[in-house]
Amino acid sequence: MEKKTFYITTPIYYPSAKLHIGHAYCTTIADTIARFKRLAGYEVFFLTGSDEHGQKIQRTAEAQNVTPIEYVDKIVASFQELWKRLEISNDDFIRTSEPRHHKVVQEVFRRIRDKGDIYKGEYTGLYCTPCESYWTELQLDENGCCPDCHRPVEKVSEEAYFFKISKYADSILKYIEDNPEFLEPKSRRNEMISFIKQGLEDLCISRTSFNWGIPVPDDEKHVIYVWFDALTNYLTPIGFLDDEEKFKKYWPADVHLVGKEIVRFHTIIWGCILMALGIELPKKVYGHGWLVISGDKMSKSKGNVVDPMLLIDEFGSDAIRYFLLREIVLGQDGNFNRDALIQRINSDLANDLGNLLHRTLNMINKFQKGVLLESVGGTEIDESLKNEAAETAREYRVLMENLQISDAVKLVWKFISRCNKYIDETAPWKLAKDETQKQNLSNVLYNLAESLRIIAILISPFIPTTSRRILEQLQLSQDIKLEDAETFGKLEINHVVGKPEQLFPRIEIE
RNA sequence: GGCGGCAUAGCUCAGUUGGCUAGAGCAAUCGGUUCAUACCCGGUGGGUCAAAAGUUCAAGUCUUUUUGCCGCCA
């Protein structure tokens with residue numbers, strides 16, 4: 001039987017500055033989904049990368065007296081370093097400056113031009129160079145400046161190529177309306193529907209004002225402009241031009257995970273490009289929310305940009321991953337602040353999970369010399385624990401399939417709480433003092449170790465390092481499958497567990 | 001300005017098609033326990049469900065108005 005495949009992408013990030021916690025958030029979500037799918041037996045392709053062209057990069061590089069590629073090389077290296085530290089399991093990293101990508105973009109341009117959907121025209125607009133954005137008269141701020149950065153805009157007029165998006169307006173509208181799964185969450189879907197209903201203008205897809213980009217085929221004074229260049233990255237690494245079999249295997253993509261600010265480009269523009277190419281549209285574009293910092297939008301001018309690398313240095317990657325996945329509901333904006341992070345680390349990771357593992361291993365070592373003995377019979381309390389374990393694994397799969405990640409995290413932690421309560425109900429330290437309770441003690445300790453084995457599997461997409469450490473302490477194989485979490489009682493009799501080691505230290509608040 | 005959304009405990013939020021004394025987690029407070037990372041378990045307090053009017057036997061839920069916040073509008 002052929003393995004099911006799964007292709008997930010993040011946006012390619014722009015190397016004009018260091019990445020902030022919002023980028024880490026998006027990539028962590030994508031990584032978690034990718035890990036879950038691998039755990040569930042899918043053949044996964046997980047792509048992230050960098051979008052390296054444009055006037056802003058060219059100017060910044062000039063200002064630093066380096067070439068654009070020298071400039072981006074350095075920043076992109078820092079992206080890759082961050083993903084490594086965050087345990088991001090991407091299968092490829094696409095850079096739009098790579099030859100393999102140039103080839104694809106030019107070919108896509110050619111095909112659509114040959115079809116007659118790209119034409120040469122004249123673009124006139126009010127341009128803000130730092131933001132690389134055109135604005136309309138209406139959008140400018142009260143001083144007639146850029147509404148984003150409040151610097152003056154320049155009136156620019158240039159020869160440019162246009163993509164006939166207007167031709168596809170009806171088709172893309174129908175597609176979005178007919179396929180509710182294509183664009184989530186629903187609020188974004190509604191916005192896009194009303195946007196298209198206002199009528200679509202053709203899209204300007206080339207520039208002559210700078211040259212750090214991919215040249216238009218046969219008209220090299222033009223470079224291909226931003227979205228037409230960037231979006232096609234999703235086709236490049238899966239063999240669009242050079243490996244038909246691979247391309248068939250992974251396209252259409254299962255999920256493009258994107259920030260809410262670029263949903264429009266990923267549904268309307270990307271959808272129309274693919275329609276023009278005669279290629280299927282991705283199965284889903286999911287627009288996630290933003291991280292706000294203590295209620296404030298993150299921005300350079302406010303000086304509240306959070307550097308994920310510093311957080312990882314201080315708290316470790318799993319703590320950061322856990323917080324992002326648990327605290328922020330996918331699709332909604334979420335609040336990030338240091339107190340809440342420390343709170344979560346202490347209460348969920350150190351107290352609930354870390355201590356559960358520690359006390360369990362400690363009791364197995366203390367009362368049974370580290371050996372798991374056969375479990376025979378069992379009380380109602382034992383049965384309810386086993387049922388809840390099975391129930392948890394089942395619901396977990398459903399929630400993760402539906403991308404309800406924070407709900408899935410909460411569900412697992414509910415089971416962790418159940419385990420702590422189980423210890424209280426069964427009081428193994430009392431059983432240990434009573435010779436006649438030996439069997440009950442063995443049962444309880446077995447059930448706890450088994451529950452922790454299941455927990456380790458279920459949390460592996462969220463906090464992979466911690467999952468590995470739990471399996472290590474339980475002295476179990478790292479080769480895990482989701483199915484293994486769905487059956488209670490897989491631990492072997494006479495299995496010897498390891499010594500407890502603290503998973504997460506509590507963080508003292510000064 | 002146009003279209004859309006939201007407003008529920010100190011905080012973050014659940015509340016299917018209107019139907020028992022409005023729930024959870026965290027925080028607060030009290031108690032229990034000792035295997036454990038001053039941890040874990042249990043109890044308690046706390047809400048005019050933004051405001052007003054309406055429909056209904058019955059409204060957090062439906063309608064209208066007001067106020068406040070948010071999103072989209074190349």
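For this structure, a couple of remarks:
- Cβ separations smaller than 7 Å between residues 6+ apart or across chains give the following pairs from region A:27-56 residues that are within 9 Å of residue A:90 (Cβ to Cβ) and in contact (Cβ under 8 Å) with a residue 24 or more places away in the chain to residues that are open to solvent by 10 Å² or more (accessible area, probe 1.4 Å) and of a type in the set (Gly, Ala, Ser): A:31/A:89; A:34/A:89; A:46/A:89.
- Pairs where the first residue, in region A:427-445, is under 16 Å from residue A:365 (Cα atoms) and the second is open to solvent by 100 Å² or more (accessible area, probe 1.4 Å), C-beta under 8 Å, 6+ apart: A:431/A:438; A:432/A:366; A:442/A:374
- Matching residues in region A:74-103 - criterion: being of a type in the set (Ser, Thr, Tyr) and either in a helix (DSSP H, G or I) or open to solvent by 40 Å² or more (accessible area, probe 1.4 Å) (or both): A:78
- Residues located in region A:277-330, provided they are among the small types (Gly, Ala, Ser) and open to solvent by 10 Å² or more (accessible area, probe 1.4 Å): A:278, A:294, A:295, A:299, A:301, A:303, A:316, A:317
- Some residue of region A:371-379 being within 13 Å of RNA strand B (Cβ to nearest atom) and more than 32 Å from the chain's Cα centre (by Cα): no
- Of the helices (runs of 4 or more DSSP H) lying entirely inside region A:234-333, those carrying at least 3 residues that are within 16 Å of RNA strand B (Cβ to nearest atom) and among the hydrophobic types (A, V, I, L, M, F, W, C) are A:270-277, A:317-327.
- Only one of A:364, A:345 that is modelled with pLDDT of 95 or more, open to solvent by less than 10 Å² (accessible area, probe 1.4 Å) and not in a loop (DSSP other than H, G, I, E, B): A:364
- Annotation: of all residues in region A:388-440 being more than 9 Å from RNA strand B (Cβ to nearest atom) and assigned to a loop (DSSP other than H, G, I, E, B), the one that is surrounded by the most Cβ atoms within 10 Å (Cβ to Cβ) is A:403.
- Any hit, region A:168-182, residues being in contact with an Asp or Glu (Cβ under 9 Å, 6 or more places away or on another chain) and either within 12 Å of RNA strand B (Cβ to nearest atom) or open to solvent by 60 Å² or more (accessible area, probe 1.4 Å) (or both): yes
The values are calculated or read from the model by the stated rules, or taken from the named source; none is laboratory data. What you see is a predicted model, and the numbers here were worked out from it, not measured in a lab. Here Cβ is always computed from backbone atoms with ideal geometry, including for glycine, and neighbour counts include all displayed protein chains. With ligands, DNA and RNA removed, areas are computed over all heavy atoms of the protein, side chains included. Shrake-Rupley method; radii C 1.70, N 1.55, O 1.52, S 1.80 Å.
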